[in-house]
Structure formats: C-alpha cells, structure tokens
Amino acid sequence: MSQTPSQACCNTPAVVSEGYKEKGSYTTVDGLKTYTTGSKSTTGILVVYDIFGFFSQTLQGADILAGEHHSESSFKHQIFMPDFFEGKPADISWYPPDTDEKGQKLGEFFKTTAAPPKTVERLGKVMQELKDKNPDIKNWGVLGYCWGGKIVNLVSQQNTVFKAAAACHPAMVDANDAPQVTIPIMMLPSKDESKDDVDKYQQNLKVKHQIEWFDDQIHGFMAARGDLEDESVKKAYEKGYEMLSKWFAENL
C-alpha cells in the first residue's frame, strides 16, 4: 500500500440527497467520454457504471472514493469512469422489467450495447491509455455496479492490471468466475441478488475477499437506482461507500 490511510479516509461525510453537483470533469480516453475525479495520487480506480450510465448517485460515489468529499482525507485516489455505452445507456424506466416490452428492450441492450466480451475488450484499451497517460499511478483498482460487477469479475483474472476489485449489487453472479479471480475482491450484494448464487461464488473464491450483505436494499442502491431522499437508503449508501473506501485503502 502506497499510503497510510487515516481515520478520515474511511469516514465519508454527509451525502447530498438531491441536486448533487459533481466535483470532477470529463476527459476522453480511447475515444470514450470519461468522468475523472480526484487529485494527483499514486492509486487509481477504474469505475464501471451500471447499465444506466452517468447518474448523479454514481458520480457522487466516484467523488467520495476520490476523497473529494473529505478535505482531511489522506488517502486519495484518481477515479476514471468511461462511458462504455457511448451516450446510449439503458433507459431507467425499463427496470424492473415487469412487462414484456421492458424485458425485450433490456434483453436487446444486454445482447448488443452491453455485451460483456465487447466491454472487456474495450476496457483493456482504456486501461492501456490510462496507464500510458498516468505513469504516476502505481496501483490500480476496479469497481463495478450491477452489470459492471460482471465486468469486474471478468477483468480480475490471470495477468490482470488491477491490484484490488469490488462489485456492488453485482449482476450475473457465477460461481465459475470465482476460482479465476486472482486479486482481493469485495462484494456488496442487495436483497435482490440470489443468496444461493453469492454463497456458491464465495465458496469458490481462492483470494482474500469480503462479502457484506445489504439485504434491506434494492439492486442498484449504490448507483443509479439509489433513492437518496429515503433516509434508510442514504444510510446504506453512506455505509457502502465507507466500506469501499476502507477496502481500497487497505488493498491498493
């Protein structure tokens, strides 16, 4: 670990419930619009958003992890969140897919725009450019939400460029992915994830890991679907980011 985390690094301040104004800016990486936040640091985190793209809850989370929310934080990261969907994310009204039409639209989106192999290939090119442009960053982490959690599993395998990983309310949890993961991984499942799938996945992990259930929260509460005006969701969101901050502080 390149820095010693202070108490301040992992105690996130009050979250803004409504009208959040992001603290970072947008750059271009491998042709993709990329949200970038955080001051110069020797640690970087690549964030893979959920299928709804750039949402204020997700951007606020990136700022929290960057240490931008906390002026006293001695453990800061540079955060990069590329727009893998190139301006065409899924419509949040499609979820949950409680009609045939919504299910069809989501299914089509996963097959085309959000096909995991396509994203994994693009992510490799993004990381190559980020490493070239940011030689001061010595250790990289990766964080994914929902669909992004699947991507995290696929890029945390043999010869990965990442040193630590985390997945929040991950989609497509597969026990067969677990033995392939070669770096420390944290998972924060919600009540909508399958207990059976997550348990089987955990049993197959061969690396340091931490799995913490938020079984009173919905799938997506740490990202686009988090209703931060609901006090219980806001508290869970704050707790989740505190845990992520601590995890990356300890493992990068």
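Just a few scattered comments:
- Condition met for Gly144 (in contact with a Phe, Trp or Tyr (Cβ under 6 Å, 6 or more places away or on another chain) and either not hydroxyl-bearing (Ser, Thr, Tyr) or not in a helix (DSSP H, G or I) (or both)): no
- Qualifying residue in region 40-62 (condition: over 16 Å from the mean Cα position of the chain (by Cα) and either buried (at least 17 other Cβ atoms within 10 Å of the Cβ) or in a helix (DSSP H, G or I) (or both)): yes
- Consider region 81-101 and keep the residues that are crowded, with 16+ Cβ neighbours inside 10 Å and in contact with a helix residue (DSSP H, G or I) (Cβ under 6 Å, 6 or more places away or on another chain). The one that is nearest to Lys150 (Cα to Cα) is Phe84.
- Residue within region 141-161 that is over 18 Å from Asp50 (Cβ atoms) and aromatic (Phe, Trp, Tyr) present: no
- Within region 139-182, considering residues that are among the small types (Gly, Ala, Ser) and under 18 Å from Pro89 (Cβ atoms), the one surrounded by the fewest Cβ atoms within 10 Å (Cβ to Cβ): Ala171
- Count of region 102-124 residues which are crowded, with 16+ Cβ neighbours inside 10 Å, out of contact with any helix residue (DSSP H, G or I) (no Cβ under 7 Å at 6 or more places or on another chain), of a type outside the set (S, T, N, Q) and in a loop (DSSP other than H, G, I, E, B): 0
Any read-out appearing in this document is the output of simple, stated calculations on the displayed coordinates, not a laboratory observation. Every value quoted in this text rests on a predicted model; they were computed, and no experiment measured them. Don't worry about glycine lacking a Cβ; one is built from the backbone with ideal geometry, like all the others, and counts go over all protein chains shown.
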